[in-house]
Every structure is written in C-alpha cells, then in structure tokens.
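**Student:** One structure, pasted below without further comment.
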Amino acid sequence: MTDQLTGRTVFITGSGGVLGSTYVRRMLAEGARVIASDLPGHRADALKAAHGDDAGFRFYDLDVGDEDQVTGIFDRILTDGWQPNVVLNNAAITGELLMGAGKPFPDFANTSVGDWERTLRTNLTGAFMIARQMDRDIVGKWPCALINVASMYALNGPHHEIYEGMPFKSFSAYSTTKAGIHGLTLWLAGYWARRQATVNTIAPGAVFNDHSDEFQRRVGALIMAGRMARPDEIADAMLFLCSAQAGYMTGQLVNVDGGFSGW
Ligand SMILES: NC(=O)c1ccc[n+]([C@@H]2O[C@H](COP(=O)([O-])OP(=O)(O)OC[C@H]3O[C@@H](n4cnc5c(N)ncnc54)[C@H](O)[C@@H]3O)[C@@H](O)[C@H]2O)c1
C-alpha cells in the first residue's frame, strides 16, 4: 500500500470480471474511491459482497451497450456526490465470459452478423458511448483520464493452433474490437489534450484463470516470460495509468504481456 491513488475517483465498467475485480480491490487498497459497475448478476453480487461496506466504494448496474443507461450514468454518479476523474473502459464480451455462459463463440464460417454485432456493441460501441458521455459531462470541468482496455490480440494475431482441442478459442470480433478501441484512444487523445484529459490504452496479455496445464504450456511458449500473467501483474500497470504519475502520457498503448508482442 503506497496511497498511489489518493485523490483519484475511478469509474470502471465491467468491474466484476477477473481483471475488473482485481482492479477494484487494488485501487481501494491504494486510497482511490472506486465507482464500480457491471451487468446485474453473480459477478456484481460478489463485488458488492466484498466491498459494499467500504466507504470508498459504490456500485451501479450498467449495461455499456444500452445507450439510455450510458447517457444517464455520469449524471447519476454526480448527483450522488461522486466526481470521477479516471474512467476505465474495461467491460467486454470475452472468450472466457462466453465459455462460462456455455455459449462459446462460433467458428468463423458460422459467425452470424448478430454474433459479430453483439460483440461490437459491447466492446466498441459501449466504449465510444462512455467516452462520449465523459465528453458531455466531465471533460474540461476537471482534469481526468480515460483508459481503454485492449488486448494482446489488438495489434497481434492469435496463433490459432494453440486453441485446437480447447474448450474456448479466440474470435474475430474480439480482435477487431480490441484493435478498434486503440483507434478511439488515438483520436480522442488529441481531441481532449487541451481540455486536460489524457487517453491511453492498456493491452493485457494472457491472464491465468484456471486454464489447463496444456493451454498454459502452449501459450507460455509464445511469451518471453514463459507463462501467463497473474491478474495483479496487470493491475500493477493499470494502477500506474490511473495515477497522477501518468499525467504526461496520452495517446499511448501500453503492452503488459510478458513480452508476447516483443519477439
Ligand atoms: N483476462 C485476459 O486474459 C485479458 C487479456 C487481454 C485483455 N483483457 C481485457 O480486459 C478486460 C477485462 O477482462 P476480464 O478478464 O476481467 O474479463 P471477464 O470476462 O472476466 O469480465 C468481463 C466483464 O465485463 C462485463 N460485461 C460484459 N458485457 C457487458 C455489458 N454489456 N455491460 C457491462 N459490463 C459487461 C461482464 O459482466 C464481466 O464482469 C476486457 O476488456 C478484456 O477484453 C483480458
């Protein structure tokens, strides 16, 4: 604990997932006030059970794909007396999420336009709508930071063979949205710079979440560090990007992938 985030009020979408819940725990420990949000359900319930008694924690139900909900979110937060100065576009439809729901993404040839558009709606349009609402309600009123969450599969393609025989696979819409979200970062960084708002992208690598030994071996062979990340190792970089110490960084993509993108 270093109080690295004292004075930061961080709003996070998709906060109940593997990484989101780690960010919430670590940010609270570093002195941030945390405004968590997610779809209603067991992940949201677990987060509220873990942190609901903490004075520095609030939770809002929020579907980032629902325009009306996103349009009203900062108004609700500000009316409740909280003033976010860091926003994380973290919510996403991920392979792990689909697998957990028993609905793995179809093979490429069987991907319907509906499958594709559902992923774009959450991962990309949702991020755009959150950023647009920041612009309307926050940017220029006080210094703030937006962090868009991409992936090791934003600017690098997957090695498809590592998914052979696995219960999950990478999917095209995911990679497309993760590349696209960095485009949003680059566009907004210059657009907001004179209004004291920074915009950066973090691209996490492969995070361990009960993957099989065989999958860990296959993906580990592609990573300089030779292994998957622990969620806290991604959080270490995220905490820095959320801190005042990252104030002169904007328009950047930060890879936290154990060297996957560095060969
Ligand atoms: N875990 C990894 O290996 C990894 C690697 C690279 C990038 N990422 C990215 O990091 C972020 C967090 O990943 P994670 O591993 O915690 O994923 P996760 O699947 O565990 O969690 C994703 C969260 O997003 C929420 N969500 C989904 N649709 C939503 C919607 N419409 N509105 C609001 N919330 C919604 C889910 O409820 C869930 O809590 C994602 O953007 C993901 O793409 C993760």
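**Student:** What number, rounded to the nearest 500 deg cm²/dmol, is the helix-based mean residue ellipticity at 222 nm of the chain, given -39500 (n - 2.57) per DSSP H run of at least four residues and division by all its residues?
**Tutor:** Estimated from H runs of four or more residues: -12000 deg cm²/dmol.
**Student:** Any chance you could give the angle, 0 to 90 degrees and rounded to 10, that helix 231-242 forms with the longest Cα principal axis of the chain?
**Tutor:** Around 40 degrees separate the two axes.
**Student:** Can you tell me the dipole magnitude for the stretch 9-258 around its Cα centre, using point charges on the Cβ only (Lys, Arg +1; Asp, Glu -1), in Debye to the nearest 20?
**Tutor:** 580 debye
**Student:** Also: Give me the percent relative contact order of the chain, please, defined on Cα pairs under 8 angstrom at least 6 residues apart.
**Tutor:** Taking the mean separation of contacting Cα pairs over the length of the chain, I get 19 percent.
**Student:** 7 Å from Cα along Cα→Cβ at both residue 225 and residue 128: what's the point-to-point distance in nm?
**Tutor:** 3.3 nm
**Student:** Compute the relative contact order of the stretch 179-263 as a whole-number percentage, counting only Cα pairs closer than 8 Å that sit 6 or more residues apart in sequence.
**Tutor:** The normalised contact order for the stretch 179-263 reaches 42 percent.
**Student:** Could you pull out every one of the aspartates and glutamates with an alpha carbon less than 18 Å from that of residue 141, ignoring same-chain neighbours closer than 8 positions?
**Tutor:** Straight-line reach from residue 141, under 18 Å: 75, 80.
**Student:** Rg and Dmax of the stretch 9-258, using alpha carbons, in Å: what are they?
**Tutor:** Over the stretch 9-258's Cα set, Rg and Dmax evaluate to 17.5, 52 Å.
**Student:** Round to the nearest 10 and give me the degree value, 0 to 90, for the angle of helix 67-79's Cα axis relative to the longest principal axis of the chain.
**Tutor:** That works out to roughly 40 degrees.
**Student:** Moving on. Of 32, 198, 209, which is farthest towards the positive pole of the stretch 9-258's charge dipole, taken about the Cα centre with +1 and -1 on the beta-carbons of Lys, Arg and Asp, Glu respectively?
**Tutor:** Value computed over the given set: 198.
**Student:** Label 7 Å along Cα→Cβ of residue 186; the stretch 83-102 residues with amide nitrogen under 20 Å?
**Tutor:** 89
**Student:** Taking 20 °C and 1.002 mPa s as the conditions, I'd like the Stokes-Einstein D for the stretch 1-153 in µm²/s, using the Kirkwood hydrodynamic radius from alpha carbon pairs.
**Tutor:** Answer from the Stokes-Einstein relation: 133 µm²/s.
Readers should treat all values here as calculations from the given coordinates under stated rules, not as data from a laboratory. From a predicted model like this one, the values you see are computed outputs, not experimental measurements. We place every Cβ from the backbone using ideal geometry, glycine too, and count neighbours over all the protein chains shown.
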